[in-house]
Amino acid sequence: MQDLKYAIRQLRSAWGFATLAVITLALGIGANTAMFTVVENVLMRPLPYNHADRLIAIGPKDVASFGTTSYLNYRDIRDRTQRLAAVGGYSDDVSVVEGKDGSVSVTAPRMTPNIFPILGAQPLLGRTFTQSEGETGGPQVALLSEGLWHQSFNSDPGILGQSVKIGGIPRTVIGVMPASFLFPNEVGPDLAKGIWLPLQPSGEMLKDRGYHFFDVIAEMRPGVTLAQVQQELDVIAQRIHQADPKGSEGLAFRPASYQELLTGPVRPVFLALLGALALVLLIACANVANLLIARCLGRKQEFAVRAALGASRSRLVRQLLSEGLLLSVLGCGLGLILARLALAAIHKLPSGTIPRADSITVHWTVVLVLAAIATLTTLLSSLLPALLVARTDPQPALQAASRGIGARSVSGKLSGGLVAVEVALSALLLVGTGLLFHTLWNLEHAKLGFDVDRVTTFSAMPADAAGFSNMAVSTDTEHAPASIAATIYAPSLERIRQTPGVRYAGLATAPPLSGVDMHSSFEVVGHPTPEGHHPEARVTAASDDYALVMGTPVLRGRMISADDTATTTPVVVINEALAKKYFPGKDPLQQQIDLGGKDTGMVKPLTIVGVLADQADSKVGVDAQPFLLIPYQQVPTTSLFYQALLKTIVNFTVKTRGSAPIAPEMRSVFKQTAPGYALDNFQTMHEVVDSNTFSQRLGLYLVGSFAALAVVMVIAGLYGVLAQLVSYRRREIGVRMALGATREGIARMILRQGGVLIGLGLAAGLLLAAFVGQLIKSFLYNVKPLDAGTFIGVAVILLLVGSIASLIPAHTASTIEPMEALRED
């Protein structure tokens, strides 16, 4: 307590030093605390389910990303497993709910009834699905989310048992799930206002092992490992292949931790940011250590007097550690406030940016880490000064009081070394910022293949949206229903085109960067492929003006036209990527494509009539994938593609003459042509592209702010050290000037001293950045880790920063009056 009281008096008397040290530590500690809080909540904290550590997902083994499988595969795994306590399944889907205020498009996952017991999920009201409700032809029921219950049904406590039209089908509401239940988590925040439907396997699901719209989740038995589950899945796959060799060719499964599957995409980003923040904290500690060393130089006579009066070395060390502890505690207190402000900013990020963002809060584990950081910063910032004090010999120190302190003393060398370390770490952060800036610049100037100016896109869903989970081929081709392409979409497009201010309007079920990803295998007629090795492409239905709206050029042949209707020869337009991959060195025009024939309801082959230039499809900066564009009026109503492409969700693209919002006009058009449709997701293509590159921009902003913080600390550290050294060397400088040194020479001496420190740190930092750059290759786009422009720019910035930080101490040194300096002691 005596040491702490003395430390308080010391810091109060040197309030400028104390303020700078506390703010420096608070910035480093606050940023690290906020980032650790995010990492702890997202990557380390278990999911809010029963036995979350034993929860796994099961998918196909032969795909790079974790994909879907079929209902038949799920059923075989469920029935044959011995090492899994329970196996459930679900299918991501969408639908339309007819509420009191009109139709609303919602996320509508279809779940096997046993998933809720697996997860330990309890409804807010009512109950979950029964086994009979998950069977083919079972009762039509639904679970509402708490958000949708509030929004569309005014929190009606009598909602249970009411009939609500969902996808055009009356369904009985049996329960309301709490806002905390967001399974499947990969769907994102849309589930907060979604619904859950029982998965009732259709005839197509029960007969086609290639019908891949199904995700499998399971709970491992206690003591079972992923490796043991993998062995069992390999055996199950072999038995499936023996029973169904044609339908299961190449079949293999792999298990993965469900939590790691969710957090996998952000894990390397978070860990990289945490590493960058650790550098910031090290710079902060080095800065404070430098300030303490500089103070030790000024207090050397004080420590010598105390040692001469009998103070032990351990006593002096304890005093310095007490002062460091006090600074760290104050820094942690202010840092915690800054961390809470940072977390508040994180909660304002766009939905879906960070998995489980709603649950991010400060837990007791974060407080423990904060205490550990306080201890670490105390040791890092105070240990060197304390060791210097411990080496104090009273007699030489008292004798040196009248001679000033040399720059070449042990203390001076340590201070200089710490400044060089700060510069090196700052150089590392600045290089990372420069590489990310180049990446973002390249992404924003990447070839998109479409225009973004004055183009708006929005989605439309019919009230009786079919969904993706229960698609089936109709064999009754003689009594096929009329297509909504002709009865709804064509008249709507015509009205949109007549709307004032609209230049072009088009329809495309999967416009660029929409996230809609409908894949299909196909065959080129006359060029059969081996079983299991069919070509694949993304498929979209489009209208004739689609290319005009998007400004995408047709490279060969023609685009879809208004004459491509249900009564004309079926055609298809392909993109350049498909032409290069499947027709290398050949002319694809007039070749025919088979999209499954009777198996999919696309009985007639499609003739290739044009090649469209590539568009950025799933992500900016990623190579375009093979793509098929089918005339929207030529999709047979009896096919699977009709339900997936036209009867579930459709996107419209509109190019306007000005930049005015078009949502009111579009709603007015559909109110006349299709009053039951739910319109949503109005976005300009500028907003779509910005959203797609948001994670890169966020990374740039964060690392850039860390680097800026580091540069400020370097300026403060270098200035503080040089200023205090000038103060302590006043007598030496006075002697030099009395012996003939010029004021310009004294200024150059201080500037040279600062330049040497910056130069040494810069050289070390750039070498370290050259090594670390290889580790961040995957974050870069069209930028080499050893980008010469970035390294030169960082060198110039830090040399300029060093000059600025050294100017004031150099000027102060040059203005010292020799006679006054010599009289001071």
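The values are calculated or read from the model by the stated rules, or taken from the named source; none is laboratory data. Computed from a prediction, not measured in an experiment: that's the story for all the values here. Every residue, glycine among them, receives a Cβ derived from its backbone with ideal geometry; neighbour counts consider all protein chains shown. Side chains included, ligands, DNA and RNA excluded: accessible areas come from the protein's heavy atoms. Shrake-Rupley method; radii C 1.70, N 1.55, O 1.52, S 1.80 Å.
Under the √(5λ) rule applied to the eigenvalues of the Cα gyration tensor, what semi-axes describe the equivalent ellipsoid of the stretch 231-292? Give them in Å, descending.
The answer is 53, 9, 7 Å, longest axis first.
Just to be sure I understand: of the beta bridges DSSP finds with both ends in the chain, what percent are antiparallel, rounded to 5?
Roughly 80 percent of the DSSP beta bridges within the chain come out antiparallel.
Please express the Cα-Cα pair-distance distribution P(r) of the stretch 271-333 as a list of whole percents, one per 5 Å bin, running from 0 to the bin with the greatest distance.
Answer for the stretch 271-333: a P(r) of 4, 14, 18, 22, 15, 11, 7, 5, 3, 1, 0 percent.
When the dipole is taken about the Cα centre of the chain, and only Lys, Arg (+1) and Asp, Glu (-1) are charged at their Cβ, what size is it in debye, to the nearest 20?
3800
So how compact is the stretch 560-649: Cα radius of gyration and Dmax in angstrom?
Spelled out, the Cα radius of gyration and Dmax of the stretch 560-649 are 13.6, 40 Å.
In terms of Cα to Cα distance under 28 Å, which lysines are near enough to Lys100, apart from those fewer than 8 places away along the same chain?
Cross-link targets: Lys165, Lys193, Lys647, Lys671.
Equivalent ellipsoid semi-axes for the stretch 68-116, as square roots of 5 times the alpha carbon gyration tensor eigenvalues: give them largest first, rounded to whole Å.
On the way: eigenvalues 204, 24, 8 Å².
In descending order, the three semi-axes are 32, 11, 6 Å.
Two decimals, Cα atoms only, Kirkwood Rh: what is Rg/Rh over the stretch 657-785? Before the final figure, lay out the partial values.
Details: Rg = 29.3 Å, Rh = 21.3 Å.
Across the stretch 657-785, the Cα-based Rg/Rh ratio is 1.37.
Need one number: nm distance between label points at Glu536 and Val367, each 7 Å from Cα along Cα→Cβ, rounded to one decimal.
Output for this residue pair reads 5.0 nm.
Please state, to two decimals, what the Cα-based radius of gyration of the stretch 1-75 comes to when divided by 2.2 N^0.38 Å (N = residues).
Compared with the compact-globule rule of thumb, the stretch 1-75 sits at 2.27.
Considering amide H positions built from the backbone, and no H for Pro or chain starts, which residues 5 or more places from Met177, or on another chain, come under 5 Å of its amide H?
Residues meeting the criterion, in which the H sits 1.01 Å from N, are Leu124, Leu144, Ser145, Glu146.
For the stretch 487-588, which whole percent of the accessible surface, found with a 1.4 angstrom probe, sits on carbon and sulfur atoms? Show your work: numbers first, answer last.
Details: 2380 of 4560 Å².
Here carbon and sulfur together make up 52 percent of the probe-accessible area.
Please give every one of the lysines within straight-line cross-link reach of Lys5, meaning a C-alpha to C-alpha distance under 24 Å, and leave out same-chain neighbours fewer than 8 residues apart.
In chain and number order, the partners are Lys300.
For Lys604, go through the aspartates and glutamates and keep the ones whose alpha-carbon is under 20 Å away, minus same-chain ones fewer than eight residues off.
Here the aspartates and glutamates satisfying the reach criterion relative to Lys604 are Asp476, Glu478, Glu523, Glu536, Asp563, Asp564, Asp594.
Net charge around Gln672, counting only other residues with Cβ within less than 15 Å of its Cβ (Lys, Arg = +1; Asp, Glu = -1)? Could the numbers behind the result be given before it?
Details: positive: Arg495, Arg497, Arg667, Lys671; negative: Glu494, Glu665.
Result for the local shell: +2.
Report the local net charge at Gly585: Lys and Arg +1, Asp and Glu -1, summed over other residues whose C-beta lies under 15 Å from its C-beta.
Once positives and negatives cancel, what remains is +2.
Counting Lys and Arg as +1 and Asp and Glu as -1, each charge on the Cβ, what is the dipole of the stretch 700-780 about the Cα centre in debye, to the nearest 20?
Roughly 280 debye for the stretch 700-780.
If contacts are Cα pairs under 8 angstrom and at least 6 residues apart, what is the relative contact order of the chain in percent?
Relative contact order here is 17 percent.
Of the listed pairs Lys61/Lys246; Lys447/Lys581; Lys61/Lys580, which have alpha-carbon separations greater than 24 Å here?
From the list (Lys61/Lys246; Lys447/Lys581; Lys61/Lys580), the Cα-Cα distance tops 24 Å for Lys61/Lys580.
Restricting the calculation to Cα positions, tell me the Rg (one decimal) and the Dmax (whole number) of the stretch 216-351 in Å.
According to the Cα coordinates of the stretch 216-351, Rg and Dmax are 29.3, 94 Å.
For the stretch 635-728, report the accessible area per residue in Å² (1.4 Å probe, heavy atoms, rounded to an integer).
38
For the chain, what does the convex hull of the Cα positions come to per residue, in cubic angstrom?
On the way: hull volume 167.6 nm³, N = 825.
Considering the Cα atoms of the chain, their hull volume per residue is 203 Å³.
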